[in-house]
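The values are calculated or read from the model by the stated rules, or taken from the named source; none is laboratory data. Keep in mind it's a predicted model, so treat the numbers as computed, not measured. Cβ placement follows ideal geometry from the backbone for every residue including glycine, while neighbour counts extend to all protein chains displayed. Keep in mind that these areas ignore ligands, DNA and RNA; they rest on the heavy atoms of the full protein, side chains included. Shrake-Rupley method; radii C 1.70, N 1.55, O 1.52, S 1.80 Å.
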Amino acid sequence: MASRFSYITPSQLISLQQRRNTKLAIVDVRDDERSYDAHIAGSLHYASCSFYERIPDLVRSLQGKDSVVFHCALSQVRGPACAKAFVDYLSQKKDDDDGIKEVMVLERGFQGWEASGRPVCHCTEILCKSESI
Ligand SMILES: [Zn+2]
C-alpha cells in the first residue's frame with residue numbers, strides 16, 4: 001500500500017508504460033480544460049473540483065492496477081493535492097487490499113507532456129478508449 005507519492009518525468013512514464021509487468025493508470029485531475037484541450041491517451045478523468053467525493057469510485061476503477069500517475073495542467077497544485085488526498089485515503093482505509101503500490105505525479109503536468117512532443121489524444125469520450133501511449 002502506498003503511503004506517499006513521488007514524482008515521475010514524461011520519459012520515465014513512457015518507459016514505465018512499456019514495461020510489461022506494470023499495471024499503470026494515468027489520472028487527469030484537470031477540470032474543464034480536459035473538454036477543450038487534448039489528454040494523455042487512455043487517461044482517466046477525475047476533475048479536482050469533485051475529486052474528494054469520487055475517491056471511492058476511483059479506487060474501484062483502479063482494480064487490477066498497481067501504479068497510479070496523477071497530473072493536472074502543470075502538476076503544481078491540483079495534481080499533487082489529489083495525489084496526496086488519494087494516498088491519505090488509502091492509508092485510512094481499513095482493508096488494504098487495493099493493490100496500489102505506487103502513487104506518482106507527472107512532473108510539469110499535461111503541458112509539459114505535450115510540450116515535449118509526447119502523443120496526446122483528442123477524443124471527446126468521457127471514458128477515453130485509446131490505448132495508453
Ligand atoms: Zn481520448
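For segment 65-76, which positions are assigned to a loop (DSSP other than H, G, I, E, B), open to solvent by less than 60 Å² (accessible area, probe 1.4 Å) and not hydroxyl-bearing (S, T, Y)?
Scanning segment 65-76 gives D66, C72, A73.
Given the condition aliphatic (A, V, I, L, M) and free of Cβ contacts under 8 Å to residues at least 12 places away in the same chain, answer yes or no: does some residue in segment 107-124 qualify?
Scanning segment 107-124 turns up at least one residue that is aliphatic (A, V, I, L, M) and free of Cβ contacts under 8 Å to residues at least 12 places away in the same chain.
For every residue, the table says whether it meets (1) open to solvent by less than 80 Å² (accessible area, probe 1.4 Å); (2) among the small types (G, A, S).
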{"site": "R78", "(1), (2)": "yes, no"}
{"site": "D88", "(1), (2)": "yes, no"}
{"site": "S91", "(1), (2)": "yes, yes"}
{"site": "R108", "(1), (2)": "no, no"}
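Assigned to a helix (DSSP H, G or I), within 16 Å of the ligand (Cβ to nearest atom) and open to solvent by 20 Å² or more (accessible area, probe 1.4 Å): which single residue out of E114, E131 fits that description?
E114 is the lone residue from the list that is assigned to a helix (DSSP H, G or I), within 16 Å of the ligand (Cβ to nearest atom) and open to solvent by 20 Å² or more (accessible area, probe 1.4 Å).
Pull up segment 117-127, narrow it to residues that are within 16 Å of the ligand (Cβ to nearest atom), more than 15 Å from L58 (Cα to Cα) and out of contact with any helix residue (DSSP H, G or I) (no Cβ under 6 Å at 6 or more places or on another chain), then point me to the one that is least open to solvent (accessible area, probe 1.4 Å).
C121
Please determine whether any residue of segment 81-97 is out of contact with any strand residue (DSSP E or B) (no Cβ under 8 Å at 6 or more places or on another chain), within 16 Å of the ligand (Cβ to nearest atom) and among the acidic types (D, E).
No.
Just one of the numbered conditions (1) farther than 20 Å from Y36 by Cα; (2) at pLDDT below 95 is not true of T124; which one?
(1)
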